[in-house]
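Comments concern the structure below.
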Amino acid sequence: MTTPHNYNQKIVVAVSGKGRLLESLFESSSRFNYVICGVIVSNDYCGAIEVAKSHQVPIFFGDYSQQGLADTVEKQRKFLQNCAPGLVVLAGFLKKFPVGLGGDALTINIHPSLLPKYGGPGFYGMKVHEAVWAAKENHSGATIHIVNDKYDEGRIVAQSRVALEASDTPADIASKVFEIEKQLLPKVIEKILAGTLDDAK
């Protein structure tokens with residue numbers, strides 16, 4: 001289904017790790033017509049915090065454990081209301097994301113495999129690439145899907161494949177997939193914000 005153009009080019013990015021994909025999104029923003037207006041992190045020591053600080057955007061840190069979730073949900077709601085993004089993008093966010101807090105904003109996630117393979121609870125980061133390697137797959141890639149209340153089960157809106165060699169290690173696979181992610185994600189962000197979701201490839 002094509003989404004209507006909402007003329008809101010602002011996005012919030014949610015991250016849990018080093019922030020390499022976040023940095024890539026900052027670098028691609030002017031080319032693909034979006035502005036990162038806020039960053040959500042799930043821990044207070046991840047490298048993404050320094051990336052966000054270097055670009056002078058607001059940062060929200062939430063406790064997504066069962067004990068802290070209720071308080072985090074309310075605070076995250078206020079953060080998103082203040083940022084007022086047209087889209088929320090999970091780019092290496094390892095916790096279950098509370099959906100439906102961003103008003104009319106859609107929430108998407110990029111996953112480092114060709115879903116439905118190697119998705120769901122426990123499949124994240126290098127664990128995905130190790131599973132792909134162990135299965136001797138000849139392809140991997142990246143999948144972008146709409147976030148719902150189940151890990152990696154929302155509607156797929158875009159995928160990109162990369163060929164693997166028999167000699168590839170899990171680290172090699174990770175590197176190849178990351179290059180695909182950097183290319184795919186900003187293109188899809190631009191298409192969603194422009195209302196051409198059906199064309200996202």
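Take the residues of segment 101-113 that are part of a loop (DSSP other than H, G, I, E, B) and touching a Leu at 6+ places or on another chain (Cβ under 9 Å): which is surrounded by the fewest Cβ atoms within 10 Å (Cβ to Cβ)? Outline the logic, then answer.
Within segment 101-113, the subset part of a loop (DSSP other than H, G, I, E, B) is 101-105, 112-113.
Right, trim to touching a Leu at 6+ places or on another chain (Cβ under 9 Å) and you get 101-103, 105.
Details: Leu101: 18, Gly102: 21, Gly103: 11, Ala105: 21.
Across segment 101-113, the extreme among qualifying residues is Gly103.
Within the bounds of segment 77-94, is there any residue that is surrounded by fewer than 18 Cβ atoms within 10 Å (Cβ to Cβ) and under 15 Å from the mean Cα position of the chain (by Cα)?
yes
Output the residues belonging to segment 79-123 that are closer than 15 Å to Ala14 by Cα and of a type in the set (Lys, Arg).
Lys95, Lys96
Being loosely packed, with under 14 Cβ neighbours inside 10 Å, at pLDDT below 95 and part of a helix (DSSP H, G or I) is the filter here, so list the residues in segment 142-198 that pass it.
Asp198
Between Pro116, Pro98, which is in contact with a helix residue (DSSP H, G or I) (Cβ under 6 Å, 6 or more places away or on another chain), surrounded by fewer than 21 Cβ atoms within 10 Å (Cβ to Cβ) and farther than 19 Å from Leu193 by Cβ? Full working, then the answer.
Values: Pro116 fails: in contact with a helix residue (DSSP H, G or I) (Cβ under 6 Å, 6 or more places away or on another chain).
From the options Pro116, Pro98, the qualifying one is Pro98.
How many residues does segment 114-127 contain that are without any contact (Cβ under 8 Å) to a residue 40 or more places away in the chain and at negative phi?
Initial filter on segment 114-127 (without any contact (Cβ under 8 Å) to a residue 40 or more places away in the chain): 116-124, 127.
Now narrow it down to the ones that are at negative phi: 116-117, 119, 121, 123-124, 127.
Total satisfying the criteria: 7.
Tally the residues that are aromatic (Phe, Trp, Tyr) and not in a loop (DSSP other than H, G, I, E, B), restricting the search to segment 36-80.
Taking segment 36-80 as the starting set, the residues that turn out to be aromatic (Phe, Trp, Tyr) are 45, 60-61, 64, 79.
If we keep only those that are not in a loop (DSSP other than H, G, I, E, B) as well, we get 60-61, 79.
Qualifying residue count for the region: 3.
Return the residue satisfying two criteria in turn: it lies in segment 20-35 and is assigned to a helix (DSSP H, G or I) and out of contact with any strand residue (DSSP E or B) (no Cβ under 9 Å at 6 or more places or on another chain), and of such residues it is nearest to Lys187 (Cα to Cα). I'd like the intermediate steps shown before the answer.
First pass over segment 20-35, keeping only residues assigned to a helix (DSSP H, G or I): 20-28.
Then drop every residue that is not out of contact with any strand residue (DSSP E or B) (no Cβ under 9 Å at 6 or more places or on another chain), which leaves 20, 23-24, 27-28.
Values: Arg20: 17, Glu23: 15, Ser24: 12, Glu27: 13, Ser28: 9 Å.
Per the criteria, the residue is Ser28.
Tally up the residues in segment 37-79 that are at pLDDT below 95 and closer than 20 Å to Ile144 by Cβ, please.
Matching residues across segment 37-79 total 1.
The values are calculated or read from the model by the stated rules, or taken from the named source; none is laboratory data. Not measured: the values here are computed from a predicted model. For neighbour counting, all protein chains shown are included, and Cβ atoms are generated from backbone atoms with ideal geometry for every residue, glycine included.
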